[in-house]
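The structure under discussion appears below in the form of structure tokens.
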Amino acid sequence: MWRASVLTIFPDMFPGPLGLSLAGKALASGAWALDIADIRDFATDKHRSVDDTPAGGGPGMVMKPDVLGRAIDATAAGARPRLLMSPRGTPLTQARVEALTAGPGAVLICGRFEGIDERVIAARGLEEISVGDYVLSGGEIAAMALIDACVRLLPGVMGAAASSAEESFAQGLLEYPHYTRPQLWEDRPIPEVLISGDHAKIAAWRRAEAERLTRERRPDLWARHSGPAAKAAGPK
Ligand SMILES: C[S@@+](CC[C@H](N)C(=O)[O-])C[C@H]1O[C@@H](n2cnc3c(N)ncnc32)[C@H](O)[C@@H]1O
């Protein structure tokens, strides 16, 4: 079973949003498992300290390598990657999410304060993963984002009605726009083609809209999608 093990100093944050909706139902039905370790349980002093002042001075605090090292060692990873949530990390992509979903799960380490002692990263072979070019106050929300993105792709979680095949990024494009009833809302009609019943025309319109949005909003994705390497690989 796909398993996420989260190491955090805020265990009460979990399952949080992962206990609701698709992910929550899947968790309750045993489609995936979540275990949470409180990093403070691995502190040895009476204050259960997990942080100390930065070597070399400067603001903030740093998570201690001894405490975090013990917490990591107590969490059996098996074949699962050990991922440190970090703004310095490799940006998370849908391709990586798909690869993680195909594996046995992940161990997710949530930083706090200024971050964690660099030596733990090397000593425990942690892979740094970022959820975007901005700074959160802790790794918990980043870990939840990663877990949510993975869990919804597990077999049976989204159900037959929904499909990830045409979603944003699945084919290197952003998704086309959606509409639903009423047909006319505040003088804005649903595009004619979508109520034509002509499935080929609808598919062509959606494809063209996906390409237009990707070109306009994400020139980086568009370059990868339509560049020489993509053309050599043939149609997607
Ligand atoms: C306040 S941040 C530390 C930021 C760090 N001093 C820096 O400038 O890179 C505390 C923790 O939040 C998490 N975090 C913050 N932003 C993140 C992001 N974009 N992606 C993943 N984790 C993030 C990390 O676990 C980090 O150790």
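The values are calculated or read from the model by the stated rules, or taken from the named source; none is laboratory data. The model shown is predicted, which means the values in this text are computed figures rather than measured ones. As a convention, Cβ positions derive from the backbone with ideal geometry for all residues, glycine included, and neighbour counts pool all protein chains shown. For the accessible areas, the whole protein counts, side chains as well, though only heavy atoms, and no ligand, DNA or RNA atoms are used. Shrake-Rupley method; radii C 1.70, N 1.55, O 1.52, S 1.80 Å.
Details
- Test result for R80, among the charged types (D, E, K, R), open to solvent by 60 Å² or more (accessible area, probe 1.4 Å) and not in a helix (DSSP H, G or I): no
- Taking the criterion of being more than 6 Å from the ligand (Cβ to nearest atom) and either crowded, with 16+ Cβ neighbours inside 10 Å or touching a residue at least 60 places away in the same chain (Cβ under 8 Å) (or both), the residues of the stretch 129-140 that qualify are I129, E140.
- Beta carbons closer than 8 Å, at least 6 apart along the sequence or on distinct chains, pair a first residue in the stretch 74-85 that is touching a residue at least 12 places away in the same chain (Cβ under 8 Å) with a second that is of a type in the set (V, I, T) and open to solvent by 40 Å² or more (accessible area, probe 1.4 Å) for M85/V131.
- Test: A23 is crowded, with 19+ Cβ neighbours inside 10 Å, at pLDDT 95 or above and not aromatic (F, W, Y): yes
- Of the helices (runs of 4 or more DSSP H) that lie entirely inside the stretch 176-236, those containing 2 or more residues that are open to solvent by 90 Å² or more (accessible area, probe 1.4 Å) span 199-217, 228-233.
- Of the residues R152, R80, R112, the single one that is within 14 Å of the ligand (Cβ to nearest atom) and either over 30 Å from G60 (Cα atoms) or touching a Ser or Thr at 6+ places or on another chain (Cβ under 8 Å) (or both) is R112.
- H47 falls short on exactly one of the conditions (1) part of a loop (DSSP other than H, G, I, E, B); (2) in contact (Cβ under 8 Å) with a residue 12 or more places away in the chain, and that condition is (2).
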